[in-house]
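This report refers to the structure that appears directly beneath it.
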Amino acid sequence: MQYISTRGGMAPATFSDVLIEGLAPDGGLTIPDSLPHYSFSDLEKLSKLSYNDIAFELLQRFASDIPPADLEGIIKKTYTKEVFGTEEITPAAAIMDDLFILELSNGPTLAFKDVALQLLGNLFEYALEKRKDFLNIVGASSGDTFTAAIYATMGKKNVNIFMLTPFGRMSTFQTAQGYSILSPNVFNIAVDGDFDLCQDIAKAISEDAVFKKEYHIGAVNSYNWARVAAQVVYYFKAYFAAVKKVGQKVDFAVPTGNFGDILAGYIARKMGLPINKSVLATNENNVLDEFFKTGVYRKREKSEVLQTNSQSMDIAVASNFERFLYDAIGNPQALKSYMDNFKKTGLIDLRGTEILKKAQNAGIVSGCSLHDQRIMAIRHIYNMSGRIICPHTAAGVAVGMQYKEEGIPMIFLETARYLKFEDSVAEAGIKVPERPEKWKGLEQREQKYERMPSDIGAIKSYIAQNALRAA
């Protein structure tokens, strides 16, 4: 399998190439030149496999340049009971006969990002060792990617990681969880600004070809294709857990801000997984919901981006959406023209076009959740099952139930463990359980971070001073 850019300006590359490069050199996102397809009989065979075996079957198609024995070893090293607390890795827990919560928070940082990033960290280490190379990873996050990326790369050979986070805009648990990691290859940059500003800076650094080449800059955000590929796996595993027989349709409800998690479901559907529809759930920052409802994709002004109790979705632009647009448009030159104009105007208007018809018939429906609806969803799920969910997962429940169809199972994708958002649990009228020993006193631990203004020059200088360099 070869990889190309959504904007058409990249020579075909291997999986390992795009793993290390992250963002395509023309500013686009990397995508496979074709997707494998699984027939009914293929799915029946897959349904009998463990998580690791499903992961190997799917990922060997995407990572065809990695010898199968090596890839299998990386997967076995990544997805263990010791790391994820269960051999199922991502169990689908039934809360009613045809309602399921896909447990994605069993990893070391209690967030769905662990599922992909634990694999990414091991892939980085493997590929860099093979190439006798090194990498300075630059990423941006408003919470869970931050900690999951650090846990996946801390102590890894030939890797330094620089994570840009919006100072004062994460939950206290998330902040302490990431800033308390004192590993010498981890550099936390607390930026005076919001998440979108952090993301803009991280992407601008990756788009600076000279700087990227000199300092071997890589990426962990969801525009790194390896993350999307890893997330496809749990859609397959969840499907097999929820259906009584292969071939039955299911729905997925997916809380998303940057469009990465739901993109993985869209890819799984294209690969033959019988997904009836994916429900895209936003919070009040409804950039994506507005597009699917109206055909207008509009970047929010900073004053319009609201701080919510589901801050991972507090975004002005969905950075992964470009891959979906590419599929709907079908032409890299046309896509590039749209994205160039979006960079200037902050607007893509597809009303009345065939492109929009295709996008709206791609198996994705959408909705926007409000604060009170998320709190009610937390309370509802607790009263129904005794399970406590986070406010992001609650967005998926609140919107997903609006689209529930009789006879079709619905799987709600979990975003993070509730203890990262104890204030929302208390607001829902639920007694906050005592924390596990590992996380007691987290906020009082020593923290390491560099607070910096939103000055790309200053941040590049800081990275240059602390980056790994060629011998």
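The values are calculated or read from the model by the stated rules, or taken from the named source; none is laboratory data. Model, not experiment: these values are computed from the prediction. For neighbour counting, all protein chains shown are included, and Cβ atoms are generated from backbone atoms with ideal geometry for every residue, glycine included.
Worth pointing out:
- If only residues of the range 410-467 that are part of a loop (DSSP other than H, G, I, E, B) and in contact with a Ser or Thr (Cβ under 6 Å, 6 or more places away or on another chain) are counted, the one that is surrounded by the fewest Cβ atoms within 10 Å (Cβ to Cβ) is ARG445.
- Picking from residues in the range 47-81 that are acidic (Asp, Glu) and either free of Cβ contacts under 8 Å to residues at least 24 places away in the same chain or crowded, with 16+ Cβ neighbours inside 10 Å (or both), the one that is nearest to ALA268 (Cα to Cα) is GLU57.
- Residue match in the range 180-188 (condition: among the hydroxyl-bearing types (Ser, Thr, Tyr) and surrounded by 24 or more Cβ atoms within 10 Å (Cβ to Cβ)): no
- Of the candidates GLN360, GLN307, the single residue that is modelled with pLDDT under 95, within 24 Å of GLY396 (Cα to Cα) and either surrounded by fewer than 18 Cβ atoms within 10 Å (Cβ to Cβ) or of a type in the set (Phe, Trp, Tyr) (or both) is GLN307.
- Once the range 310-337 is narrowed to residues that are among the aliphatic types (A, V, I, L, M) and at pLDDT 95 or above, the residue that is farthest from ILE31 (Cα to Cα) is ALA334.
- The single condition from (1) crowded, with 16+ Cβ neighbours inside 10 Å; (2) assigned by TED's automatic domain parsing to the domain that holds VAL397 that LEU29 fails is (2).
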